[in-house]
1. How many residues are outside any loop (DSSP other than H, G, I, E, B), at negative phi and in contact with a helix residue (DSSP H, G or I) (Cβ under 8 Å, 6 or more places away or on another chain) if we restrict to region 41-50?
2. I'm told residue 18 meets every condition in (1) under 20 Å from residue 100 (Cα atoms); (2) small (Gly, Ala, Ser); (3) surrounded by 15 or more Cβ atoms within 10 Å (Cβ to Cβ) except one. Can you identify the failing condition by its number?
3. Given the residues 61, 96, 109, which is the only one that is of a type in the set (Gly, Ala, Ser) and under 22 Å from residue 162 (Cβ atoms)?
4. Within region 169-187, track down each residue that is open to solvent by 40 Å² or more (accessible area, probe 1.4 Å) and in contact (Cβ under 8 Å) with a residue 60 or more places away in the chain.
5. Taking region 33-54 on its own, how many of its residues are out of contact with any strand residue (DSSP E or B) (no Cβ under 7 Å at 6 or more places or on another chain) and at pLDDT below 95?
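The values are calculated or read from the model by the stated rules, or taken from the named source; none is laboratory data. These figures come from a predicted structure and were not determined experimentally. No Cβ is skipped: glycine too gets one built from the backbone with ideal geometry, and neighbour counts run over all protein chains shown. Accessible surface areas use protein heavy atoms only, side chains included; no ligands, DNA or RNA. Shrake-Rupley method; radii C 1.70, N 1.55, O 1.52, S 1.80 Å.
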Amino acid sequence: LSEGTNPVRVLPKTAVEAERALLAAQVTTRSPLGAILYETGGLLVDGGWLRVLGSGSPLLSRSLMDWNQGKLEGALLIADDVIGGFYAINAGAFGSESLGQVFYFAPESLEWQALDKTYSEFLRFCFSGNLDDFYSDVRWPGWQGEIRPLTGDQGVAFFPFLFLEEGKNVATSKREVVSIAQLWAFGQEMKQQLDDTL
């Protein structure tokens, strides 16, 4: 964090919730995941564009283990972004060759993409990676001001949808603030429909 080049806001933890989250995750504080869980309520990266889940805080009420309940079998959701992209550690859902690696669900393609990063490397990407480059196709002029008032439990829905050809120009899209839970449900439902047609 101290060596990072991206702005990161460390959200305060609640001791009781931190203990509970660490126990539920069954990890040690010596691991990066355990440290984030136990020492933070979560992280807001790049003005809140990217959210790394911790033990929960008023600005990011979703604790890591609670948020994962009933979501994605064989993977652990660890972070998400304001446009409905989700980061997950592979625990079998994406094959046995990439166990422990982070995958990204891209809302513009409805595909899980291998990032070839461990959790530690993912944190390094959050703190010092070129986020402008990674998100170049989905950031619009003035996005910073538009997302500043949002909490880590809110996101932005686009119309037309990002995965449609008509939705590729995000600067002209209609945008609406929705919950991250809605973005997750919508993205997974659309992916399922797409998979069913293939």
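1. To start, the set of residues in region 41-50 that are outside any loop (DSSP other than H, G, I, E, B) comprises 42-48, 50.
Then drop every residue that is not at negative phi, which leaves 43-45, 50.
Then drop every residue that is not in contact with a helix residue (DSSP H, G or I) (Cβ under 8 Å, 6 or more places away or on another chain), which leaves 43, 45, 50.
Of the residues in region 41-50, 3 are outside any loop (DSSP other than H, G, I, E, B), at negative phi and in contact with a helix residue (DSSP H, G or I) (Cβ under 8 Å, 6 or more places away or on another chain).
2. The one condition residue 18 does not meet is (1).
3. Details: 61 fails: under 22 Å from residue 162 (Cβ atoms); 96 fails: under 22 Å from residue 162 (Cβ atoms).
That would be 109, the only listed residue that is of a type in the set (Gly, Ala, Ser) and under 22 Å from residue 162 (Cβ atoms).
4. 186
5. Going through region 33-54, the residues out of contact with any strand residue (DSSP E or B) (no Cβ under 7 Å at 6 or more places or on another chain) turn out to be 33-35, 37-39, 46-48.
Restricting the remaining residues to those that are at pLDDT below 95 gives 33-35, 37-39.
Residues meeting the conditions: 6.
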